[in-house]
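K.L.:
I am attaching a structure below and will ask some questions about it afterwards.
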Amino acid sequence: MGLKLQNQKIKTMNIKNLILGFALSLTILSCNKEENGGTVTAEDAKASAQIDAMNDDVSNIVEEQEAMTYDNSTSGKTPDSANSELTACATITRVPAFGTPLTPGQTVTKTIDFGTGCTLDNGNVLSGQIVITFVFQPNTESRTINYSFVNFFHNGIEFDGNKTFTRLLVATNPQDTPHPSVTMNMDLTATFPNGAVYHRVGQRVREIIEGFGTLPWADNVYEITGSWTTTGPNGGTQTSTITTPLHVKMSCIAVHKPLTVSGIITIVRNNTTATLDFGNGECDNLAVLTVNGNTFNIVIGN
């Protein structure tokens, strides 16, 4: 009886070990699948849209600060705060100092300091600094602007890295007069409050298609194209391509909403293709993510 009981215990232990091993194998396979990227999720799509919102705000600010230098190279500031992207809580310093006339070929550095919290007109909250550097070239149609972040947060998300703008004056439909088209090369990292880290590399092209050369700037409309690759916190990588140009309407600030009002981004991850649709032109803070026939509403911005 003792030997039979002992054999039964050994057999039971072996079965338990097989079950445990099988469960562990499933866990490992599940983890590997997650680490290899899984599928497109609403959480990742929202994170991507939040990074896009930062890009839009920073693009507006950097372009404005560079343009102001050419509008008045001595003061380098807008004479009318109502037509500025920035609110009074942002402090701007320059090297060479404001009040010093610039000469062609001179390197200009502007530091935009948002302190511990500065709310833009669209409700997004910024803190830390953006540092922009460019060569003063008033007689050229192509200009390059470099900028980086110093302890910079956008709606509580920390951004690190650098970007390069190449600004061209072009004449294309529907705005035939020469107007800015800005190519943005990105290599940045976003760290969310929950610790999730996203790394993005890619390019966006932003062209003003309405309102250039008129005041106030609220009548401006921009068109954005481009593509980029984003690596998420689980190591999965997805490629995003703007398949229908995004339209950004500055007039939406009047209703205190984010500014991207239409256009579609197509997202590819492993064997899954998803779309993020920003709507039909209305000033709202919603986009619709479609994955495998299922749709999810994504709330963007603050």
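K.L.:
For Leu86, indicate whether it is closer than 20 Å to Ala254 by Cα, assigned to a strand (DSSP E or B) and not polar (S, T, N, Q).
P.N.:
Taking the combined requirement at face value, the residue does not satisfy it.
K.L.:
Also, I was wondering about something else. At pLDDT below 85, out of contact with any Pro (no Cβ under 6 Å at 6 or more places or on another chain), surrounded by fewer than 20 Cβ atoms within 10 Å (Cβ to Cβ) and β-branched (Val, Ile, Thr): does that describe Thr93?
P.N.:
no
K.L.:
Further, regarding this structure: Return the pairs, sorted by first residue and then second, in which the second residue is among the hydroxyl-bearing types (Ser, Thr, Tyr), the first residue lies in the range 277-300 and is on the phi > 0 side of the Ramachandran plot, the beta carbons are less than 6 Å apart, and the residues are 6+ apart or on different chains.
P.N.:
If the second residue must be among the hydroxyl-bearing types (Ser, Thr, Tyr), the pairs left are Gly279/Ser262; Gly281/Ser262.
K.L.:
Look at the range 191-221 and say how many of its residues are at pLDDT 90 or above and of a type in the set (Phe, Trp, Tyr).
P.N.:
Qualifying residue count, the range 191-221: 2.
K.L.:
Something else now. For the range 120-142, does any single residue satisfy the condition of being touching a Cys at 6+ places or on another chain (Cβ under 7 Å) and surrounded by 19 or more Cβ atoms within 10 Å (Cβ to Cβ)?
P.N.:
Within the range 120-142 (the criterion being touching a Cys at 6+ places or on another chain (Cβ under 7 Å) and surrounded by 19 or more Cβ atoms within 10 Å (Cβ to Cβ)), the answer is yes, since at least one residue qualifies.
K.L.:
Among Val58, Val40, which is the only one that is within 26 Å of the chain's Cα centre (by Cα), at pLDDT 85 or above and crowded, with 18+ Cβ neighbours inside 10 Å?
P.N.:
So the residue among Val58, Val40 that is within 26 Å of the chain's Cα centre (by Cα), at pLDDT 85 or above and crowded, with 18+ Cβ neighbours inside 10 Å is Val58.
K.L.:
Considering the range 112-130 alone, what residues qualify as being aliphatic (A, V, I, L, M) and at pLDDT below 90?
P.N.:
Leu120
K.L.:
Restricting attention to strands (runs of 3 or more DSSP E) lying wholly within the range 184-302, give those where 2 or more residues are buried (at least 18 other Cβ atoms within 10 Å of the Cβ).
P.N.:
197-210, 221-231, 237-249, 260-269, 272-280, 286-291
K.L.:
Do we find a residue being under 30 Å from Gly232 (Cβ atoms), in contact with a strand residue (DSSP E or B) (Cβ under 8 Å, 6 or more places away or on another chain), at pLDDT 75 or above and surrounded by 19 or more Cβ atoms within 10 Å (Cβ to Cβ) anywhere in the range 100-111?
P.N.:
Within the range 100-111, none of the residues are under 30 Å from Gly232 (Cβ atoms), in contact with a strand residue (DSSP E or B) (Cβ under 8 Å, 6 or more places away or on another chain), at pLDDT 75 or above and surrounded by 19 or more Cβ atoms within 10 Å (Cβ to Cβ).
The values are calculated or read from the model by the stated rules, or taken from the named source; none is laboratory data. In this text the structure is predicted, and so the values were computed from the model without any measurement. When we count neighbours, we look across all protein chains shown, and the Cβ atoms used for this are built from the backbone with ideal geometry, even at glycine.
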